[in-house]
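Scroll down for the structure; my scribbles are underneath it.
The values are calculated or read from the model by the stated rules, or taken from the named source; none is laboratory data. Everything numeric here is computed off the predicted structure, so don't read it as measured data. Glycine also receives a Cβ, built like all others from the backbone with ideal geometry; neighbour counts cover every protein chain displayed. Accessible surface is based on the protein model in full, side chains and every heavy atom, while ligands, DNA and RNA are left aside. Shrake-Rupley method; radii C 1.70, N 1.55, O 1.52, S 1.80 Å.
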Amino acid sequence: MGQSLAGALSILGFSAEAEQTYRQVLPRSGQTLDALAHGLERDPVDLLEDLAPFVAAGLVTLDDDMVLVTPPGEAVASMMLQQTQALRQATERLEELRTAIPSFPYALADPATHGVPLGGEMRTGDDVPVLLESWIRQSTGDLMWLRPDQWRLQAGSAMDVAVTEHLRNGRRSRAIYPARALEEAPQVIFQRASAGEEVRIIAEVPSRLAIIGEAGALLPAEWGASDDRRLIVREPGLLTALTVLFDELWDRAIVVPGAGIAPDPVSISSGMARTMLLRQLSQGAKDEQIARSLGVSLRTVRRRMAELFDELGVDSRFQAGVEAVRRGWI
């Protein structure tokens, strides 16, 4: 087992201490809990507590006080399957929310209002920074932003200045950018993180969105559109739905390595691309899945994987995951 297991369970979320416990009990599979604890010079209650995460994951089974341990190959395969299923469920839930969001306001529309959504109002050509700044001053709670292209907009820079002031006063702000921002404007990511904003990256950001505490949300009249028709939402139920969507994306996104610390924004882009690729590999994704998730071509994925394997000095995806954990990259 030795090196073949090293780091594998860590990639799947187990601590180094838990992995050591697994190593100790594996060759004693089939013993009773008392006999196992005696052989390891451990208290049975303490040992059972340490085995609890493996029991919950289905890697250790207690059968009439007999401890049965799943072999390492089956253990890793089982955990990878569970991780893949969890990711698929999260993706399906996110897609359901993403599909529903554009229709929420209109599903509640009163026909007598000619399609004007209840709990919201339509605006065109508003001064967005002024509107959002007034909401920020009048509200409490988190600021949440989906920013698919704000670094290209003049209003985006003005809004950054306004948000920075409130960050200094202890307000929490979270923003999600698409991966391409690391290539087009890494300095923006670095500056926002340095200002105190929590910044994460995802392959694609589906639409512009600003949620300002309990005050309201601002989003395009048509989800994903980039024109100046905007929908203002204040109805609590809709705000909750939009917040759930944001949190789903936030959980899927990843932190930019070194953001707010590294002096060179270009190094952020390189480290981010590597981390996103390693995360996909650790989840067992195939080349085609990785290409879709990262928004790049299949050829680009395979070139980056070859470069990563060379950098790590490994020959396989599993070895890459183990070595990346050892280096503290993921």
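Checked across region 29-44, the condition of being out of contact with any strand residue (DSSP E or B) (no Cβ under 6 Å at 6 or more places or on another chain), within 30 Å of ARG327 (Cβ to Cβ), at pLDDT below 90 and assigned to a helix (DSSP H, G or I) holds for no residue. Of all residues in region 9-37, those satisfying the criterion of being surrounded by fewer than 13 Cβ atoms within 10 Å (Cβ to Cβ) and more than 25 Å from GLN319 (Cβ to Cβ) are GLY30, ASP34.
Within region 274-315, being touching a Phe, Trp or Tyr at 6+ places or on another chain (Cβ under 8 Å) and either open to solvent by 40 Å² or more (accessible area, probe 1.4 Å) or modelled with pLDDT of 75 or more (or both) holds for ARG274, LEU278, ASP315. Only a single criterion out of (1) part of a strand (DSSP E or B); (2) open to solvent by less than 10 Å² (accessible area, probe 1.4 Å); (3) under 27 Å from GLN191 (Cβ atoms); (4) in contact (Cβ under 8 Å) with a residue 60 or more places away in the chain is not satisfied by PHE246, namely (1).
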